[in-house]
Each structure stands twice: as C-alpha cells, then as structure tokens.
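Have a look at the structure below, then the notes.
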Amino acid sequence: MWSFLSKLFRKPESKIEKQQFSQADEIRKYAKTHYVIPARQKHQKRVVFTASDIHHGLKLSGRYPLVCSSIDSRKFKDFSRVELIKREGPNQGASARWTFKILE
C-alpha cells in the first residue's frame, strides 16, 4: 500500500532535472576517464585538475557551477575511487582546483 501511495503523490520529474542529472554524470565520467584513469595507469598517487579543464574539454558554456558541484559530490569520489586532499579556489568558478589521492 505504501508504494502505491508514494507513486500516487510522487513529484513528476521534469526534463530539465533529468538533463542536469545526466550532464552531471557526464562531467564525472569525463573527469574520471581523462584525469583519474590515466593517472592511475601511470601509477601516480595524486591527480590535479580544474573546473576550467573539464569545462573546456566538454565544450560547455557557462556551466561552471554544475562542473564544481559534480566534482565536489560524494558520488564522484565513490565512482572514481579517489579521496579529496585539497580543494582550492571559488566554490563555483573556472579556477576551482581539486587535488585527489588515487585509491587502489
């Protein structure tokens, strides 16, 4: 009965929410494949990149807040198997810079 009620009163997802969610996943995937995996393959212990690196690599326009929130998320750390060492720069800007420890 509870599942019926929750489905009945569930807020419908908008196309914008779905697009932002998938774009956030795309950002996390890009960071992992272009920065984390190559560093891991080279047996490096750390990887450093900026919001600008990802923004330009994905050819985004004005999406720095989304890039920053996607990389700051727990989901990125779990997905990429990394641990945040240092976060520098603005909360949501091109010069935001992350230093991650690569976990085995």
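Side notes on the structure shown:
- When ARG97, ARG63, ARG87 are checked against the criterion of being in contact (Cβ under 8 Å) with a residue 12 or more places away in the chain and within 15 Å of GLU26 (Cβ to Cβ), ARG63 stands alone in meeting it.
- Any hit, segment 2-10, residues being assigned to a helix (DSSP H, G or I), touching a strand residue (DSSP E or B) at 6+ places or on another chain (Cβ under 9 Å) and either modelled with pLDDT of 65 or more or among the small types (Gly, Ala, Ser) (or both): no
- Qualifying residues in segment 51-73 (those that are part of a helix (DSSP H, G or I) and aliphatic (A, V, I, L, M)) - the one nearest to the chain's Cα centre (by Cα): ILE71
The values are calculated or read from the model by the stated rules, or taken from the named source; none is laboratory data. If you're wondering where the values come from, they're calculated on a predicted model, not measured in any experiment. Counting neighbours? That spans all protein chains shown, and the Cβs are built from the backbone with ideal geometry, glycine included.
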